[in-house]
Amino acid sequence: MTTSHGAASDDDSAEPRLQEQFDATIARDQRIEPRDWMPEGYRRTLIRQIAQHAHSEIIGMQPEGEWITRAPSLRRKAILFAKVQDEAGHGLYLYSAAETLGADRADLTERLIEGRQKYSSIFNYPTPTFADVGVIGWFVDGAAICNQVPLCRSSYGPYARSMVRICKEESFHQRQGYELLLTMMRGTDAQREMVQDAVNRWWWPSLMMFGPPDKDSPNSATSMAWKIKRHSNDELRQRFVDMTVPQAAKLGVTLPDPELRWNEERGRHDFGTPDWSELKRVISGEGPCNEERVARRRAAHEDGAWVREAATAHAAKQAARSGHTRVSQKLQEGTAA
Ligand code: BYC
(Lines give C-alpha, C1' and ligand atoms only; values in the text may rest on other atoms or scores of the structure.)
Protein backbone atom coordinates (compact mmCIF):
# COMPACT_ATOMS: atom_id res chain seq x y z
CA MET A 1 0.00 0.00 0.00
CA THR A 2 0.98 3.63 -0.18
CA THR A 3 0.45 6.41 2.31
CA SER A 4 -1.14 9.72 1.36
CA HIS A 5 2.30 10.92 0.26
CA GLY A 6 2.85 7.98 -2.00
CA ALA A 7 5.48 6.45 0.30
CA ALA A 8 5.38 2.69 0.80
CA SER A 9 4.08 1.56 4.17
CA ASP A 10 5.53 -1.45 6.01
CA ASP A 11 2.14 -2.57 7.23
CA ASP A 12 -0.37 -3.68 4.60
CA SER A 13 -2.96 -4.42 7.26
CA ALA A 14 -3.06 -0.70 8.05
CA GLU A 15 -5.08 0.14 4.92
CA PRO A 16 -8.54 -1.05 6.08
CA ARG A 17 -8.04 0.86 9.34
CA LEU A 18 -7.00 4.00 7.46
CA GLN A 19 -9.94 3.59 5.11
CA GLU A 20 -12.26 3.34 8.14
CA GLN A 21 -10.80 6.53 9.61
CA PHE A 22 -11.21 8.29 6.27
CA ASP A 23 -14.85 7.14 5.95
CA ALA A 24 -15.58 8.22 9.52
CA THR A 25 -14.09 11.68 8.90
CA ILE A 26 -16.27 12.09 5.80
CA ALA A 27 -19.36 10.79 7.65
CA ARG A 28 -18.78 13.30 10.48
CA ASP A 29 -18.55 16.11 7.90
CA GLN A 30 -15.01 16.87 8.97
CA ARG A 31 -12.20 17.84 6.65
CA ILE A 32 -9.52 15.70 5.07
CA GLU A 33 -6.18 17.52 5.28
CA PRO A 34 -3.06 17.06 3.10
CA ARG A 35 -1.21 14.84 5.60
CA ASP A 36 -4.19 12.53 6.16
CA TRP A 37 -4.40 9.17 4.45
CA MET A 38 -6.85 9.21 1.55
CA PRO A 39 -7.89 6.66 -1.10
CA GLU A 40 -6.08 7.09 -4.41
CA GLY A 41 -9.40 7.63 -6.20
CA TYR A 42 -10.24 10.54 -3.88
CA ARG A 43 -6.84 12.12 -4.54
CA ARG A 44 -7.16 11.65 -8.32
CA THR A 45 -10.68 13.06 -8.42
CA LEU A 46 -9.65 16.10 -6.45
CA ILE A 47 -6.60 16.77 -8.62
CA ARG A 48 -8.81 16.43 -11.72
CA GLN A 49 -11.47 18.84 -10.46
CA ILE A 50 -9.13 21.36 -8.81
CA ALA A 51 -6.81 21.46 -11.85
CA GLN A 52 -9.77 21.99 -14.21
CA HIS A 53 -11.03 24.68 -11.90
CA ALA A 54 -7.62 26.40 -11.80
CA HIS A 55 -7.27 26.18 -15.60
CA SER A 56 -10.75 27.70 -15.97
CA GLU A 57 -9.77 30.69 -13.87
CA ILE A 58 -6.61 31.27 -15.90
CA ILE A 59 -8.15 30.71 -19.35
CA GLY A 60 -11.17 32.67 -18.10
CA MET A 61 -9.01 35.81 -17.97
CA GLN A 62 -8.92 35.93 -21.76
CA PRO A 63 -12.50 36.67 -22.91
CA GLU A 64 -12.85 39.72 -20.65
CA GLY A 65 -9.15 40.62 -20.72
CA GLU A 66 -9.60 41.49 -24.40
CA TRP A 67 -11.71 44.47 -23.28
CA ILE A 68 -9.28 46.03 -20.80
CA THR A 69 -7.72 48.37 -23.37
CA ARG A 70 -11.12 49.13 -24.91
CA ALA A 71 -13.22 49.71 -21.77
CA PRO A 72 -15.25 52.91 -22.30
CA SER A 73 -14.05 54.86 -19.21
CA LEU A 74 -11.24 54.90 -16.68
CA ARG A 75 -13.65 53.59 -14.02
CA ARG A 76 -14.73 50.61 -16.15
CA LYS A 77 -11.10 49.91 -17.04
CA ALA A 78 -10.02 49.92 -13.38
CA ILE A 79 -12.89 47.61 -12.39
CA LEU A 80 -12.21 45.19 -15.23
CA PHE A 81 -8.49 45.19 -14.55
CA ALA A 82 -9.12 44.32 -10.90
CA LYS A 83 -11.56 41.57 -11.82
CA VAL A 84 -9.28 39.90 -14.33
CA GLN A 85 -6.41 40.14 -11.86
CA ASP A 86 -8.61 38.42 -9.25
CA GLU A 87 -9.12 35.50 -11.66
CA ALA A 88 -5.34 35.08 -11.85
CA GLY A 89 -5.24 34.98 -8.05
CA HIS A 90 -7.98 32.34 -7.96
CA GLY A 91 -6.02 30.21 -10.39
CA LEU A 92 -2.93 30.47 -8.19
CA TYR A 93 -4.75 29.49 -4.96
CA LEU A 94 -6.21 26.52 -6.78
CA TYR A 95 -2.90 25.35 -8.25
CA SER A 96 -1.50 25.58 -4.71
CA ALA A 97 -4.41 23.46 -3.42
CA ALA A 98 -3.64 20.88 -6.13
CA GLU A 99 0.02 20.89 -5.05
CA THR A 100 -0.99 19.84 -1.53
CA LEU A 101 -2.21 16.61 -3.16
CA GLY A 102 1.18 15.94 -4.73
CA ALA A 103 0.43 17.45 -8.17
CA ASP A 104 3.10 19.53 -9.86
CA ARG A 105 2.00 22.93 -11.17
CA ALA A 106 4.33 22.86 -14.18
CA ASP A 107 2.95 19.45 -15.11
CA LEU A 108 -0.65 20.67 -14.80
CA THR A 109 0.12 23.60 -17.11
CA GLU A 110 1.71 21.23 -19.64
CA ARG A 111 -1.42 19.08 -19.54
CA LEU A 112 -3.60 22.12 -20.17
CA ILE A 113 -1.65 23.42 -23.14
CA GLU A 114 -1.35 19.95 -24.64
CA GLY A 115 -5.14 19.51 -24.36
CA ARG A 116 -4.86 16.64 -21.87
CA GLN A 117 -6.80 18.45 -19.16
CA LYS A 118 -10.07 20.34 -19.44
CA TYR A 119 -11.19 23.82 -18.52
CA SER A 120 -14.73 25.20 -18.40
CA SER A 121 -16.62 25.15 -21.69
CA ILE A 122 -17.90 28.69 -21.08
CA PHE A 123 -14.58 30.33 -21.90
CA ASN A 124 -14.66 29.09 -25.49
CA TYR A 125 -17.21 31.69 -26.60
CA PRO A 126 -16.27 35.07 -28.11
CA THR A 127 -16.80 38.51 -26.53
CA PRO A 128 -17.61 40.79 -29.49
CA THR A 129 -19.19 43.67 -27.50
CA PHE A 130 -18.69 45.41 -24.16
CA ALA A 131 -22.09 44.08 -23.03
CA ASP A 132 -20.42 40.63 -22.99
CA VAL A 133 -18.27 41.84 -20.09
CA GLY A 134 -21.43 42.67 -18.12
CA VAL A 135 -23.17 39.43 -19.01
CA ILE A 136 -20.10 37.35 -18.08
CA GLY A 137 -20.11 39.02 -14.66
CA TRP A 138 -23.84 38.48 -14.22
CA PHE A 139 -24.24 34.95 -15.65
CA VAL A 140 -20.80 33.34 -15.50
CA ASP A 141 -19.78 34.68 -12.10
CA GLY A 142 -23.38 34.11 -10.92
CA ALA A 143 -23.15 30.47 -12.02
CA ALA A 144 -19.73 30.24 -10.40
CA ILE A 145 -21.22 31.45 -7.10
CA CYS A 146 -24.03 28.83 -7.24
CA ASN A 147 -21.47 26.13 -7.94
CA GLN A 148 -18.74 27.30 -5.57
CA VAL A 149 -20.55 28.38 -2.40
CA PRO A 150 -21.32 24.69 -1.63
CA LEU A 151 -17.67 23.88 -2.43
CA CYS A 152 -16.73 25.98 0.66
CA ARG A 153 -17.99 22.86 2.52
CA SER A 154 -16.11 20.45 0.30
CA SER A 155 -14.47 17.63 2.27
CA TYR A 156 -10.90 18.52 1.25
CA GLY A 157 -9.63 21.29 3.55
CA PRO A 158 -7.35 23.30 1.21
CA TYR A 159 -9.95 23.29 -1.60
CA ALA A 160 -12.79 24.31 0.72
CA ARG A 161 -10.73 27.11 2.29
CA SER A 162 -9.61 28.51 -1.06
CA MET A 163 -13.28 28.69 -2.06
CA VAL A 164 -14.16 31.03 0.81
CA ARG A 165 -12.07 33.90 -0.50
CA ILE A 166 -12.80 33.09 -4.13
CA CYS A 167 -16.56 33.26 -3.49
CA LYS A 168 -16.26 36.67 -1.82
CA GLU A 169 -14.48 37.98 -4.90
CA GLU A 170 -16.94 36.29 -7.30
CA SER A 171 -19.73 38.10 -5.53
CA PHE A 172 -18.06 41.46 -6.31
CA HIS A 173 -17.58 40.26 -9.89
CA GLN A 174 -21.22 39.41 -10.29
CA ARG A 175 -22.35 42.77 -8.94
CA GLN A 176 -19.99 44.72 -11.20
CA GLY A 177 -21.43 42.87 -14.21
CA TYR A 178 -25.01 43.51 -13.18
CA GLU A 179 -24.30 47.17 -12.43
CA LEU A 180 -22.64 47.58 -15.83
CA LEU A 181 -25.74 46.11 -17.50
CA LEU A 182 -28.11 48.31 -15.46
CA THR A 183 -26.15 51.33 -16.69
CA MET A 184 -26.34 50.17 -20.31
CA MET A 185 -30.07 49.48 -20.00
CA ARG A 186 -30.57 53.09 -18.90
CA GLY A 187 -28.69 54.24 -22.03
CA THR A 188 -29.65 54.24 -25.70
CA ASP A 189 -31.72 51.74 -27.72
CA ALA A 190 -28.51 50.51 -29.31
CA GLN A 191 -27.06 49.79 -25.85
CA ARG A 192 -30.20 47.94 -24.76
CA GLU A 193 -30.07 45.85 -27.92
CA MET A 194 -26.44 45.08 -27.26
CA VAL A 195 -27.30 43.79 -23.77
CA GLN A 196 -30.18 41.64 -25.05
CA ASP A 197 -27.95 40.20 -27.78
CA ALA A 198 -25.28 39.27 -25.23
CA VAL A 199 -27.93 37.69 -22.96
CA ASN A 200 -29.18 35.62 -25.91
CA ARG A 201 -25.68 34.35 -26.69
CA TRP A 202 -24.57 33.56 -23.12
CA TRP A 203 -27.71 32.07 -21.55
CA TRP A 204 -27.48 28.50 -22.81
CA PRO A 205 -23.67 28.18 -22.51
CA SER A 206 -24.02 29.44 -18.91
CA LEU A 207 -26.48 26.64 -18.11
CA MET A 208 -23.96 24.18 -19.59
CA MET A 209 -21.28 25.35 -17.14
CA PHE A 210 -22.92 23.13 -14.50
CA GLY A 211 -21.97 20.05 -16.49
CA PRO A 212 -24.03 17.33 -18.20
CA PRO A 213 -27.41 16.28 -16.81
CA ASP A 214 -27.17 14.08 -13.71
CA LYS A 215 -28.02 10.90 -15.62
CA ASP A 216 -24.99 11.50 -17.90
CA SER A 217 -22.57 12.69 -15.22
CA PRO A 218 -20.14 9.81 -14.60
CA ASN A 219 -18.27 11.52 -11.74
CA SER A 220 -21.14 12.89 -9.67
CA ALA A 221 -22.04 9.79 -7.62
CA THR A 222 -18.54 9.22 -6.21
CA SER A 223 -17.76 12.92 -5.84
CA MET A 224 -20.95 13.36 -3.84
CA ALA A 225 -20.35 10.27 -1.71
CA TRP A 226 -16.92 11.72 -0.87
CA LYS A 227 -18.56 15.13 -0.25
CA ILE A 228 -16.26 16.81 -2.72
CA LYS A 229 -19.38 17.94 -4.57
CA ARG A 230 -22.33 18.78 -2.32
CA HIS A 231 -25.09 19.04 -4.93
CA SER A 232 -25.72 17.50 -8.31
CA ASN A 233 -25.23 19.34 -11.61
CA ASP A 234 -29.00 19.57 -12.22
CA GLU A 235 -29.74 20.88 -8.73
CA LEU A 236 -27.18 23.68 -9.09
CA ARG A 237 -28.44 24.53 -12.59
CA GLN A 238 -31.97 24.85 -11.19
CA ARG A 239 -30.74 27.15 -8.40
CA PHE A 240 -29.03 29.35 -10.98
CA VAL A 241 -32.21 29.64 -13.06
CA ASP A 242 -34.32 30.45 -9.99
CA MET A 243 -31.85 33.10 -8.89
CA THR A 244 -31.45 34.70 -12.33
CA VAL A 245 -35.07 34.98 -13.54
CA PRO A 246 -36.07 37.82 -11.15
CA GLN A 247 -32.78 39.61 -11.86
CA ALA A 248 -33.56 39.49 -15.60
CA ALA A 249 -37.02 40.96 -14.97
CA LYS A 250 -35.54 43.82 -12.95
CA LEU A 251 -32.99 44.50 -15.66
CA GLY A 252 -35.64 44.43 -18.38
CA VAL A 253 -34.17 41.67 -20.57
CA THR A 254 -35.75 38.46 -21.85
CA LEU A 255 -34.08 35.13 -21.21
CA PRO A 256 -34.11 33.25 -24.54
CA ASP A 257 -36.11 30.22 -23.47
CA PRO A 258 -39.78 29.88 -24.52
CA GLU A 259 -40.24 27.05 -21.99
CA LEU A 260 -39.15 29.13 -19.02
CA ARG A 261 -42.00 29.59 -16.54
CA TRP A 262 -42.74 29.45 -12.82
CA ASN A 263 -44.05 26.08 -11.65
CA GLU A 264 -46.31 26.74 -8.68
CA GLU A 265 -46.39 23.10 -7.64
CA ARG A 266 -42.62 22.66 -7.55
CA GLY A 267 -42.01 26.17 -6.28
CA ARG A 268 -39.27 26.46 -8.92
CA HIS A 269 -38.92 27.44 -12.56
CA ASP A 270 -39.36 24.99 -15.40
CA PHE A 271 -36.94 25.58 -18.23
CA GLY A 272 -35.90 24.14 -21.60
CA THR A 273 -33.13 21.64 -22.32
CA PRO A 274 -29.70 22.95 -23.29
CA ASP A 275 -28.21 21.52 -26.47
CA TRP A 276 -26.06 18.86 -24.85
CA SER A 277 -24.40 18.00 -28.17
CA GLU A 278 -23.01 21.55 -28.18
CA LEU A 279 -21.52 21.01 -24.71
CA LYS A 280 -19.87 17.79 -25.91
CA ARG A 281 -18.41 19.55 -28.96
CA VAL A 282 -17.06 22.45 -26.92
CA ILE A 283 -15.55 20.15 -24.28
CA SER A 284 -13.88 18.08 -26.96
CA GLY A 285 -12.12 21.14 -28.39
CA GLU A 286 -14.52 22.20 -31.13
CA GLY A 287 -16.02 25.33 -29.59
CA PRO A 288 -15.78 28.69 -31.37
CA CYS A 289 -12.61 29.82 -29.53
CA ASN A 290 -10.93 26.66 -28.14
CA GLU A 291 -7.91 26.84 -30.42
CA GLU A 292 -7.38 30.54 -29.86
CA ARG A 293 -7.65 30.24 -26.06
CA VAL A 294 -5.16 27.38 -25.76
CA ALA A 295 -2.76 28.95 -28.30
CA ARG A 296 -2.74 32.16 -26.29
CA ARG A 297 -2.15 30.31 -23.04
CA ARG A 298 0.72 28.38 -24.65
CA ALA A 299 2.30 31.59 -26.00
CA ALA A 300 2.02 33.28 -22.58
CA HIS A 301 3.65 30.24 -20.97
CA GLU A 302 6.52 30.24 -23.47
CA ASP A 303 6.98 34.03 -23.24
CA GLY A 304 7.17 33.67 -19.45
CA ALA A 305 9.97 31.07 -19.51
CA TRP A 306 12.64 33.69 -18.76
CA VAL A 307 10.74 34.84 -15.64
CA ARG A 308 10.61 31.28 -14.30
CA GLU A 309 14.31 30.78 -15.08
CA ALA A 310 15.24 34.08 -13.40
CA ALA A 311 13.15 33.21 -10.32
CA THR A 312 14.76 29.77 -10.08
CA ALA A 313 18.27 31.24 -10.41
CA HIS A 314 17.45 33.84 -7.75
CA ALA A 315 16.08 31.19 -5.37
CA ALA A 316 19.23 29.06 -5.88
CA LYS A 317 21.46 32.07 -5.10
CA GLN A 318 19.45 32.88 -1.98
CA ALA A 319 19.68 29.26 -0.82
CA ALA A 320 23.44 29.19 -1.47
CA ARG A 321 23.86 32.48 0.40
CA SER A 322 21.88 31.33 3.42
CA GLY A 323 23.88 28.07 3.30
CA HIS A 324 27.10 30.14 3.49
CA THR A 325 25.70 32.19 6.33
CA ARG A 326 24.77 29.07 8.31
CA VAL A 327 28.24 27.53 7.78
CA SER A 328 30.04 30.73 8.82
CA GLN A 329 27.77 31.05 11.88
CA LYS A 330 28.61 27.49 12.87
CA LEU A 331 32.34 28.18 12.29
CA GLN A 332 32.11 31.22 14.56
CA GLU A 333 30.29 29.13 17.16
CA GLY A 334 32.89 26.37 16.71
CA THR A 335 30.20 23.81 15.85
CA ALA A 336 31.04 23.20 12.15
CA ALA A 337 31.92 19.62 11.34
N1 BYC B 1 -16.81 22.41 -19.16
O2 BYC B 1 -19.17 13.79 -14.46
P3 BYC B 1 -19.23 15.23 -14.67
C4 BYC B 1 -14.96 31.14 -13.06
C5 BYC B 1 -16.50 17.48 -17.86
S6 BYC B 1 -14.09 29.70 -13.37
C7 BYC B 1 -15.81 21.55 -19.39
O8 BYC B 1 -20.49 15.93 -14.31
P9 BYC B 1 -17.83 16.55 -12.48
C10 BYC B 1 -14.60 32.34 -13.78
C11 BYC B 1 -16.06 16.95 -16.53
O12 BYC B 1 -14.89 17.57 -16.10
C13 BYC B 1 -14.92 28.49 -12.41
N14 BYC B 1 -15.84 20.27 -18.95
O15 BYC B 1 -17.97 15.93 -13.95
C16 BYC B 1 -13.33 32.53 -14.28
C17 BYC B 1 -15.91 15.49 -16.82
O18 BYC B 1 -14.73 15.26 -17.58
P19 BYC B 1 -13.50 14.35 -17.02
C20 BYC B 1 -15.16 27.21 -13.11
C21 BYC B 1 -16.94 19.88 -18.27
O22 BYC B 1 -16.41 16.91 -12.28
C23 BYC B 1 -13.04 33.66 -15.04
C24 BYC B 1 -17.05 15.23 -17.81
O25 BYC B 1 -17.33 16.47 -18.40
N26 BYC B 1 -15.83 26.37 -12.14
O27 BYC B 1 -15.84 31.12 -12.28
O28 BYC B 1 -18.49 15.68 -11.48
C29 BYC B 1 -14.02 34.61 -15.30
C30 BYC B 1 -18.29 14.66 -17.12
O31 BYC B 1 -18.89 15.61 -16.20
C32 BYC B 1 -18.00 20.74 -18.00
C33 BYC B 1 -15.37 25.14 -11.78
O34 BYC B 1 -14.41 24.65 -12.29
C35 BYC B 1 -17.92 22.05 -18.47
N36 BYC B 1 -18.89 22.95 -18.27
O37 BYC B 1 -18.71 17.90 -12.57
C38 BYC B 1 -15.29 34.45 -14.76
C39 BYC B 1 -16.15 24.46 -10.68
N40 BYC B 1 -18.93 20.06 -17.30
O41 BYC B 1 -12.78 15.20 -15.99
C42 BYC B 1 -15.59 33.33 -13.98
C43 BYC B 1 -15.53 23.21 -10.14
C44 BYC B 1 -18.48 18.81 -17.16
O45 BYC B 1 -14.11 13.13 -16.39
N46 BYC B 1 -15.90 22.05 -10.88
N47 BYC B 1 -17.28 18.70 -17.75
O48 BYC B 1 -12.64 14.09 -18.21
C49 BYC B 1 -17.08 21.38 -10.71
O50 BYC B 1 -17.93 21.75 -9.91
C51 BYC B 1 -17.29 20.12 -11.50
O52 BYC B 1 -16.04 19.66 -11.96
C53 BYC B 1 -18.26 20.28 -12.71
C54 BYC B 1 -18.35 18.94 -13.46
C55 BYC B 1 -19.66 20.63 -12.19
C56 BYC B 1 -17.80 21.35 -13.69
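The values are calculated or read from the model by the stated rules, or taken from the named source; none is laboratory data. Small disclaimer: the values here were computed from a predicted structure and weren't measured. Because the Cβ atoms are built from the backbone with ideal geometry, glycine has one as well, and the counts that use them run over all protein chains shown. To get the accessible areas, we keep the full protein, side chains included, count just its heavy atoms, and leave off ligands, DNA and RNA. Shrake-Rupley method; radii C 1.70, N 1.55, O 1.52, S 1.80 Å.
Descriptive notes on the structure:
- The stretch 109-150, subset charged (D, E, K, R) and without any contact (Cβ under 8 Å) to a residue 60 or more places away in the chain, residue most open to solvent (accessible area, probe 1.4 Å): R116
- Test result for P246, open to solvent by 30 Å² or more (accessible area, probe 1.4 Å), more than 19 Å from the chain's Cα centre (by Cα) and away from the ligand (no atom under 11 Å from the Cβ): yes
- Just one of the listed residues (R308, R266, R261) is of a type in the set (K, R), without any contact (Cβ under 8 Å) to a residue 24 or more places away in the chain and in contact with a strand residue (DSSP E or B) (Cβ under 9 Å, 6 or more places away or on another chain), namely R261.
- Residue that is surrounded by the fewest Cβ atoms within 10 Å (Cβ to Cβ), among those in the stretch 39-82 that are more than 8 Å from the ligand (Cβ to nearest atom), assigned to a helix (DSSP H, G or I) and of a type in the set (K, R): R75
- Residue among L279, L331, L236 that is among the hydrophobic types (A, V, I, L, M, F, W, C), modelled with pLDDT under 95 and either closer than 30 Å to A190 by Cα or in a helix (DSSP H, G or I) (or both): L331
- Answer residue from the stretch 249-273, given it is assigned to a loop (DSSP other than H, G, I, E, B) and open to solvent by 70 Å² or more (accessible area, probe 1.4 Å) and is farthest from the ligand (Cβ to nearest atom) among those: E264
- Subset of the stretch 189-221 [near the ligand (Cβ under 9 Å from one of its atoms), open to solvent by 70 Å² or more (accessible area, probe 1.4 Å) and in contact (Cβ under 8 Å) with a residue 24 or more places away in the chain]: D216
- Of all residues making up the stretch 113-145, the number that are more than 12 Å from the ligand (Cβ to nearest atom), hydrophobic (A, V, I, L, M, F, W, C) and closer than 28 Å to A305 by Cα: 1
- The lone exception for Y95 - which of (1) within 14 Å of the ligand (Cβ to nearest atom); (2) touching a Pro at 6+ places or on another chain (Cβ under 8 Å); (3) in a helix (DSSP H, G or I) it fails: (2)
- Condition check for T222: touching a helix residue (DSSP H, G or I) at 6+ places or on another chain (Cβ under 9 Å), among the β-branched types (V, I, T), over 26 Å from R192 (Cα atoms) and modelled with pLDDT of 95 or more: yes
- Checklist (1) more than 26 Å from W37 (Cβ to Cβ); (2) assigned to a helix (DSSP H, G or I) applied to P158, failing item: (1)
The rows are residues; the columns are (1) more than 16 Å from G91 (Cα to Cα); (2) assigned to a loop (DSSP other than H, G, I, E, B).
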| site | (1), (2) |
| --- | --- |
| E110 | no, no |
| T127 | yes, yes |
| G134 | yes, no |
| F139 | yes, no |
| A143 | yes, no |
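- Of all the listed residues (R186, R165), the sole one being over 30 Å from G102 (Cα atoms) and surrounded by fewer than 17 Cβ atoms within 10 Å (Cβ to Cβ) is R186.
- Selection status of R296, open to solvent by 90 Å² or more (accessible area, probe 1.4 Å) and within 24 Å of the chain's Cα centre (by Cα): yes
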